[in-house]
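Notes follow once the structure below has been shown.
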Amino acid sequence: NGAALDACALRRHDASDVKWPAMTDPLRLSDLSRQRVAVCMVGAVRTLLSPLVYKSVKRHLLDAQLVPADLFLHLHLGWDHTAFAPGMGMHGAKGDTVKRDDPRLQIVLRYLKPVQTDLTETSDCASEEMGRTKVCQMNMKKSNRGGGLAGYLQYMWINRCFNTAVQHERTSNLTYSWVIRTRPDVAFFDRVPSPVTMTPRRMVMMMKESNPAYFDGFFMVPRGLLDDFIQGSDAFWTTHAHGLPWPPEWHLFPYLRSARKLPWGYALVPAALVRNAPGYIKKNRVEADCFRLSLKESPQFVYEAQGTSWGRADGGKGALLSFRQACEAFFQQNGNTATAPAPALPSAPYRRQPTHSAVTTMRRPVYSAEHHPLGRSPPTFEDRLRAMRVG
């Protein structure tokens, strides 16, 4: 009987009998030699002109991919007129544009060596290409809650870059395994995880501190899902003919998941937005939003989940650092850089709510089916305890 049980156990643990899901073939070193990734950097020039930013892009993004990474650089040279965050760029006085022959821009191009560069002075509906989009043709009005059409047109420009990468595949007789989207004002303080080592089942997104936590400034799309992303985001605008919701990412990504069945997962991406520090435009002083890597509103925040740490300080011998602390240390050590203070907000993820009595209680966070990845509220402690008893 004992021998029979041992034989049964061996059969149960024989990997050849396991029904592996599709797309989970083992990753071999020989496979990597045939892979490439495309990196689409799309948006206003902003702080890309800072050496700290563009050097971090090359060192920690392009050169960290394990496989060749082709950069597609689609930059808007017009003055960054973002209403809610003035001074995000290094363009100079209001109304100025970065010239195509600007020495700072030419240094960036020589350093990053993009396979394709597209520069445009106009990125709104006055642009010939954007003028043909449904958003502009239908004269779709923005939400009254704020923002502007630039927040929506950025996805058109992103898709334009994605399509450029697809066209490059055809003309160069190659195939990209993944396509990465990043912004010109995103800097990386450590190596970005290479998506070629990840499952191609889902997109990989970077989480931000707000709730919902969708961050449209950086994400990675497996080639097999790229067409779904492009077609889904193009179709999204036709569902809002009477006005565009704000902010767009809070509505686009839930739509892609629910209506287009596009899956994604969050990853720990060591990155931060870099803005122009107030009053330092002429000195090229920049300011990093490291506070976005610290819990603010989201009840489940991957950068601080159950003691998540970036690593140790002092060359691996010091105290544990959170991702925010590591980000702040990186920028503070690299001169002429400040870290932005976190905006004053209610303590999160729980907010104190007055009751009918004079007592203040702690209200549980509200999870909506629209934004929660599982489409339902996460299990309570009682739910987990009940599951343990059943098991």
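Can you give the Rg and Dmax of the range 209-266 based on its C-alpha atoms, in angstrom?
Cα only, the range 209-266: 11.6, 33 Å (Rg, Dmax).
Rounded to whole Hz and in sequence order, give me ³J(HN,Hα) for the range 110-120 from the Karplus expression 6.51 cos²θ - 1.76 cosθ + 1.60, θ = phi - 60°, writing x for Gly and Pro.
Going residue by residue, I get 5, 6, 8, 6, x, 6, 8, 10, 10, 10, 9 Hz, with x marking Gly and Pro.
Need one number: convex hull volume per residue for the range 171-251, Cα atoms only, in Å³.
Per residue, the Cα convex hull of the range 171-251 comes to 152 Å³.
Could you tally the net charge around TYR176, taking each other residue with its Cβ under 13 Å from the Cβ of TYR176, Lys/Arg +1 and Asp/Glu -1?
+2
For a Förster distance of 35 Å, can you work out the FRET efficiency between the beta-carbons of LYS55 and THR199, rounded to the nearest 0.05?
Working: r = 31 Å, r/R0 = 0.88.
The formula returns an efficiency of 0.70 here.
Leaving ligands, DNA and RNA out of it, report the carbon-plus-sulfur percent of the accessible area of the range 196-326 at a 1.4 Å probe.
50 percent
Output ³J(HN,Hα) for the range 326-332: one whole-Hz value per residue in order, computed from phi by the Karplus curve 6.51 cos²θ - 1.76 cosθ + 1.60 with θ = phi - 60°, and x for Gly and Pro.
In residue order, the calculated couplings are 5, 4, 5, 5, 4, 6, 5 Hz.
7 Å from Cα along Cα→Cβ at both ARG100 and ASP227: what's the point-to-point distance in nm?
3.5 nm
When the Kirkwood hydrodynamic radius is evaluated over all pairs of different C-alpha atoms of the range 174-305, what value in angstrom, to one decimal, is obtained?
16.3 Å
Mind checking the full-extension length gain between ALA305 and ARG132? Use 0.36 nm per residue of separation minus the Cα-Cα distance, one decimal, nm.
Details: separation 173, 0.36 × 173 = 62.28 nm, distance 4.41 nm.
Separation in residues times 0.36 nm, less the Cα-Cα distance, equals 57.9 nm.
Could you calculate the contour length gain from ARG312 to GLU121, that is, 0.36 nm times the residue separation minus the distance between their Cα atoms, to one decimal place in nm?
Stretched fully, the ARG312-GLU121 segment lengthens by 64.4 nm.
What number comes out for accessible area per residue over the range 96-241 if the probe is 1.4 Å? Units Å², please.
Value returned for the range 96-241: 44 Å² of accessible area per residue.
The values are calculated or read from the model by the stated rules, or taken from the named source; none is laboratory data. Fair warning: this is a prediction, and the values are worked out from it, not measured in the lab. Here the Cβ is made from the backbone with ideal geometry for all residues, glycine too, and neighbour counts use every protein chain on show. Note: accessible area is taken over every heavy atom of the protein model, side chains too, but ligands, DNA and RNA are not part of it. Shrake-Rupley method; radii C 1.70, N 1.55, O 1.52, S 1.80 Å.
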